[in-house]
Amino acid sequence: MKHSRLPLVTTLLVLIFFYLPIFVLVANSFNASRFSSSWDGFTFKWYGLLWHNRDIWQAVRNTLVIGLSATATAMVLGTTGALALHRYRSRLQAAHYGLLWMPLVVPDILMGMSMLLFFVAIGRQLGLVTVLIAHVTFCISYVAMVVLARLQDFDDAILEAAQDLGADWWTITWRILVPLLAPGIIAGGLLAFTLSIDDYVVTFFVAGTGSTTLPLQIYSMIKHSKQLPVINALSTLLLVVTFAAVYVSKHLLKESTPS
Amino acid sequence: MKHSPVRTLVAGLIVGLLTVLSPAFAKDKPTLHIFTWADYVKPELVAAFEKAHDCTVVIDTYDSNEAMYAKLKAGATGYDLLFPSSYMVKVMYDQGMLQELDHAKLPNLVHVDPDYLKKALDAKMGHSVPYMLTNTGIGYLKSKVKDFQPTWAMFDRADLAGRVTMLNDMREAFGAALKSLGYSINTTDPKQLEAARDVLIRWKKNLAKFENEQYKTGLASGEFLMVQGYSGDIQQAMEDNKDIGFVVPKEGTSISCDDMVIPKTATNVDLATAFINDMLDPKVSAENIDFIGYIAPNKDAYPLISEDLRNDPNIFLPPALSAKCEIIGDIGESLKLYTKLWDEVKAAK
């Protein structure tokens, strides 16, 4: 029997399509040429400039603070929301689903503008907190959607069995629900985290003084900055940190599984 | 135990959050909030200002005048100092969004170039002080563009077709066309504008595209042979590719300037005024020029910058050419006509 070459070729093409831009970016972070149009020699100067650029580090800190807090909050609220939608039926069920879907389909620009108007109307000073609230708003929906999908295959009989055996709700939540839903919650959380880190449009409108995030900083740098390639250097560092984190967590999981 | 990784994760998140959040609460010094373009003020100068005035400077960034305006118009507050372009300054001033400046606290205003002020929209610097300006001109590859002439008519050259770009900016594109016909870039005469539209449609046949950002890269890599662009941008590209030349066409061009203004909602007016004054110091100004590559209209800073830059006739224009250059001003009601004609240019085949 002769295997088709098509799947192999497709896989290779997809891999190239995904990863080639990243390789180009990494290579360019070491390129002495500012416009990365040609290779002008190997340099660490962008990393040096990055180290001294306090605006970028401030933006990185803001991005991480907002990303992590928004994700944590959305994981709790999104999961509880999904559980409520799954377990209880109400007359407003359709409306509740609609509310959850809304942030997924509403254009960012509309969301950003309306939130800005809302915060101004209630007299709330814009800053990290308003960005956080805005991010939680759209992150909840993503977490809830993923957890809801996970709940579709959830066997409710397990919960009833636990109750029969005398487990209280606290025990059921922490020993059964959370562990079984964990993959969904974590997947939703990761999705929320990437969306929060990326977000430009909504963030621009609700950001206030001292809450410039990395995307805002990068967009603004395109206009005038002579130091644009430091973004390549920063992205390379983020990539290294991400890979390291994935490697370490795999390692830790492997060690904890046999016990 | 299956639930332990989740607990560890949650605990880790909380600890991590507390660590990164904690410095955010350390606020005892007065704070100056600046809303500007990224990397627009040399960081060392900001640090020096913080030290001299015992304050904290927080810089937030925007990427277009319109975005900044939309945000402030909707009611966003907290910013003490803004750096919008002149035309946007006019719009904001007309709507009562800006404060008058206290000249008694701005002794360094004497350094501002009077030649520039003659053209400026706010010549008395009542509510705005010029920070950085840039000329629009033509950047080209010296070895590839044969028989280059310093004129907007270069965009008619069919031998460059497909390797040429113009700015994707209504006022800049019309500015070039109007200047090529000998009209003012701020004209509101429909006949002149229609003539300019026809010129643009003719030029468009030679254009690869209307482009605002990537033209620097395209010119440096040789993808484009000739571009309409800002002197500051092309100056940056020149550092990468020595073959690049830049001229201001003999018919004249547009000059754009970013100004420093204090919004009505500012809470720390004294610090903002002090910062403006600090930026006008000739030494500070010269360091900023060197850092960003644009020109600050500060006559006492000129002797402090590099000779190459100072003697470049396309940066510091000779008086005869300078007289033909204009600041992009407000066109009021004619904006609708401009937009309609620009749409026709964009739609033309």
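The values are calculated or read from the model by the stated rules, or taken from the named source; none is laboratory data. Keep in mind that what you see is a predicted model, and the values were worked out from it rather than measured. Cβ atoms come from the backbone with ideal geometry, glycine included; neighbour counts cover every protein chain shown.
Details
- In segment B:148-174, the residues that are of a type outside the set (D, E, K, R) and not in a loop (DSSP other than H, G, I, E, B): B:TRP152, B:ALA153, B:MET154, B:PHE155, B:ALA158, B:LEU160, B:VAL164, B:THR165, B:MET166, B:MET170, B:ALA173, B:PHE174
- Identity of the residue in segment A:192-201, in contact (Cβ under 8 Å) with a residue 24 or more places away in the chain and more than 12 Å from chain B (Cβ to nearest Cβ), that ends up nearest to A:MET145 (Cα to Cα): A:ALA192
- Just so you know, in segment B:159-199 the residues that are farther than 11 Å from B:TYR338 by Cβ and among the basic types (Lys, Arg) include one that is surrounded by the fewest Cβ atoms within 10 Å (Cβ to Cβ), and it is B:LYS191.
- Applying the criterion of being in contact with a Pro (Cβ under 7 Å, 6 or more places away or on another chain) and farther than 25 Å from B:ALA176 by Cβ to the residues of segment B:111-145, the residue that is surrounded by the most Cβ atoms within 10 Å (Cβ to Cβ) is B:VAL112.
- Filtering segment A:17-33 to residues that are within 14 Å of chain B (Cβ to nearest Cβ) and either in contact (Cβ under 8 Å) with a residue 60 or more places away in the chain or among the basic types (Lys, Arg) (or both) leaves A:ASN28, A:ASN31.
- Output for segment A:215-242, where each listed residue is under 16 Å from the mean Cα position of the chain (by Cα) and more than 11 Å from chain B (Cβ to nearest Cβ): A:SER235, A:LEU238, A:LEU239, A:VAL241, A:THR242
- Of the residues making up segment B:294-312, one or more are surrounded by 21 or more Cβ atoms within 10 Å (Cβ to Cβ), touching a residue at least 60 places away in the same chain (Cβ under 8 Å) and in contact with a Gly (Cβ under 7 Å, 6 or more places away or on another chain).
- Residues satisfying the stated conditions in segment B:201-224, i.e. in a loop (DSSP other than H, G, I, E, B) and either within 14 Å of another protein chain (Cβ to nearest Cβ) or of a type in the set (D, E, K, R) (or both): B:LYS205, B:GLU211, B:ASN212, B:GLU213, B:GLN214, B:GLY222, B:GLU223, B:PHE224
- Qualifying residue in segment B:241-257 (condition: within 14 Å of chain A (Cβ to nearest Cβ), surrounded by fewer than 23 Cβ atoms within 10 Å (Cβ to Cβ), within 30 Å of B:LYS142 (Cα to Cα) and among the hydrophobic types (A, V, I, L, M, F, W, C)): yes
Matching residues to (1) within 14 Å of chain B (Cβ to nearest Cβ); (2) part of a loop (DSSP other than H, G, I, E, B); (3) under 18 Å from the mean Cα position of the chain (by Cα):
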{"position": "A:GLN125", "(1), (2), (3)": "yes, yes, no"}
{"position": "A:VAL129", "(1), (2), (3)": "yes, no, yes"}
{"position": "A:SER141", "(1), (2), (3)": "no, no, yes"}
{"position": "A:PHE154", "(1), (2), (3)": "no, yes, no"}
{"position": "A:ILE158", "(1), (2), (3)": "yes, no, no"}
{"position": "A:THR173", "(1), (2), (3)": "yes, no, no"}
{"position": "A:PRO179", "(1), (2), (3)": "yes, no, no"}
{"position": "A:ALA187", "(1), (2), (3)": "yes, no, yes"}
{"position": "A:LEU190", "(1), (2), (3)": "yes, no, yes"}
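- Residue count for segment B:36-53, restricted to those that are surrounded by 15 or more Cβ atoms within 10 Å (Cβ to Cβ), touching a residue at least 60 places away in the same chain (Cβ under 8 Å) and closer than 12 Å to A:ARG54 by Cα: 2
Listed here are the residues, each with its yes/no results for (1) outside the structural domain of B:ILE327 (by TED's automatic domain parsing); (2) farther than 19 Å from B:THR134 by Cβ; (3) not charged (D, E, K, R).
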{"position": "B:GLY182", "(1), (2), (3)": "no, yes, yes"}
{"position": "B:ASP189", "(1), (2), (3)": "no, yes, no"}
{"position": "B:LYS209", "(1), (2), (3)": "no, yes, no"}
{"position": "B:LYS216", "(1), (2), (3)": "no, no, no"}
{"position": "B:SER221", "(1), (2), (3)": "no, yes, yes"}
{"position": "B:VAL227", "(1), (2), (3)": "no, no, yes"}
{"position": "B:TYR230", "(1), (2), (3)": "no, no, yes"}
{"position": "B:LYS242", "(1), (2), (3)": "no, yes, no"}
{"position": "B:PHE246", "(1), (2), (3)": "no, no, yes"}
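- Hey, B:ASN108 more than 23 Å from B:LEU271 (Cα to Cα), surrounded by 14 or more Cβ atoms within 10 Å (Cβ to Cβ) and more than 14 Å from chain A (Cβ to nearest Cβ) or not: no
- Residues satisfying the stated conditions in segment B:78-90, i.e. in contact with a helix residue (DSSP H, G or I) (Cβ under 8 Å, 6 or more places away or on another chain) and either surrounded by fewer than 16 Cβ atoms within 10 Å (Cβ to Cβ) or facing chain A (nearest Cβ under 8 Å) (or both): B:TYR79
- Residue match in segment A:114-135 (condition: of a type in the set (Val, Ile, Thr) and in contact with a Gly (Cβ under 7 Å, 6 or more places away or on another chain)): yes
- Screening segment A:67-118 for residues that are free of Cβ contacts under 8 Å to residues at least 40 places away in the same chain, surrounded by 13 or more Cβ atoms within 10 Å (Cβ to Cβ) and among the aromatic types (Phe, Trp, Tyr) and picking the one that is farthest from A:VAL202 (Cα to Cα) gives A:TYR97.
- Scan of segment B:201-216 for residues that are crowded, with 18+ Cβ neighbours inside 10 Å and free of Cβ contacts under 8 Å to residues at least 40 places away in the same chain, ordered by number: B:LYS216
- Residue tally, condition within 8 Å of chain B (Cβ to nearest Cβ) and either at pLDDT 85 or above or surrounded by fewer than 19 Cβ atoms within 10 Å (Cβ to Cβ) (or both), over segment A:34-52: 3
- Any hit, segment B:178-200, residues being outside any helix (DSSP H, G or I), touching a residue at least 60 places away in the same chain (Cβ under 8 Å) and within 14 Å of chain A (Cβ to nearest Cβ): no
- Residues (surrounded by 13 or more Cβ atoms within 10 Å (Cβ to Cβ) and farther than 15 Å from B:LYS119 by Cα) located in segment B:317-338: B:ILE331, B:SER334, B:LEU335, B:LEU337, B:TYR338
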